[in-house]
Amino acid sequence: MRFTFRPPQEYSAFPMSTLQIFSLKVAGIKRESGLQWLLDVFGTVAVRDSIDYNRNIIFSSTRKGCQTVTKEDPYLVLAGPTRAVVWQDFLAIEVKLKVKGTTESEDKDLSYLAVPLACSQASNSYGFQCYKTSQSSTLRFALGHIVRSVEATIFVQVAEGSWPDGLCGQFDAFTTGIHDESVTGIDHEKITLLDSKAKKVLVNGDGEIMLSRRVVSVETPRWHCRRTRPGLYPKQEQT
């Protein structure tokens, strides 16, 4: 997330193609791995792009704070990305996940992967599924190539009153795009910002709901944005 705590400097801005991570689940475990449902999962999943080549974390959990994954609910709770993932030149997914054992010496590998994604060009946004198999398991990534997109940072705040004590909840976002029948649309794919499940929703002193993730890629109309200065909206030209 950028420019959330300080004004932007003078810059040139324009929409770009980005990768949206909708969800990640454990699609299957191999019999020979010795793993059985349910799984107490910990570790990291990250993506890298050509902007800075640093890891952009989309899932992170410590051994102590591991997430329990079942065959009925195999989805990992995502915490990112922390900025939009740019679909250009270079993209890679890195996975380092383990399953917690009774003791640390009994921990087992769930998935160790480092795989590139081909960044082909497209005229319309589309969704796709990416299955990645390692020695112990198969992961399924639900992804979207969002064309002409910008990064949206989402905040949710209780405007009046207070959040009921102990109330759980789920907050989802959807992004739409223009597409034809030859590709899979993205309209039906939800982006879970928070799913507290049976736990209470955390709210800070300002009434802001503490979301698991905030950054969403949003397709824009066919605009060109010119150079702008702080405090001014970009001048736009429609094509």
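Values quoted throughout were computed directly from the atomic coordinates according to the rules given, and no laboratory measurement underlies them. Note that the structure is a prediction, hence the values are computed from the model and not measured. Note that we place each Cβ from the backbone using ideal geometry, even for glycine, and neighbour counts take in every protein chain shown.
What does the charge count near V218 come to, summing +1 for each Lys or Arg and -1 for each Asp or Glu among other residues with Cβ under 12 Å from its Cβ?
Result for the local shell: -1.
Could you give the size of the charge dipole of the range 16-219 about its Cα centre, using +1 on the Cβ of each K and R and -1 on the Cβ of each D and E, expressed in debye and rounded to the nearest 20?
Rounded to the nearest 20 debye, it is 680 debye.
Could you compute the net charge surrounding Q20? Neighbours are other residues with a C-beta less than 10 Å from the C-beta of Q20; K and R count +1, D and E count -1. Could the numbers behind the result be given before it?
Values: positive: none; negative: E189, E219.
After counting each charged neighbour, the total is -2.
Rounded to whole Å and sorted largest first, list the principal axis extents of the Cα atoms in the range 42-123.
The Cα atoms of the range 42-123 stretch 48, 26, 20 Å along their principal axes.
With label points built 7 Å along Cα→Cβ from the Cα atoms of E208 and T82, find their separation and express it in nm.
1.5
Using a simple spin-label model with points 7 Å from Cα along the Cα→Cβ vector, what separation in nm is obtained for Y75 and F14?
According to this spin-label approximation, the distance is 3.6 nm.
Hey, any idea what the orientation-averaged projected area of the convex hull of the range 16-219's Cα atoms comes to, in nm²?
Numbers: hull surface 52.8 nm².
That works out to 13.2 nm².
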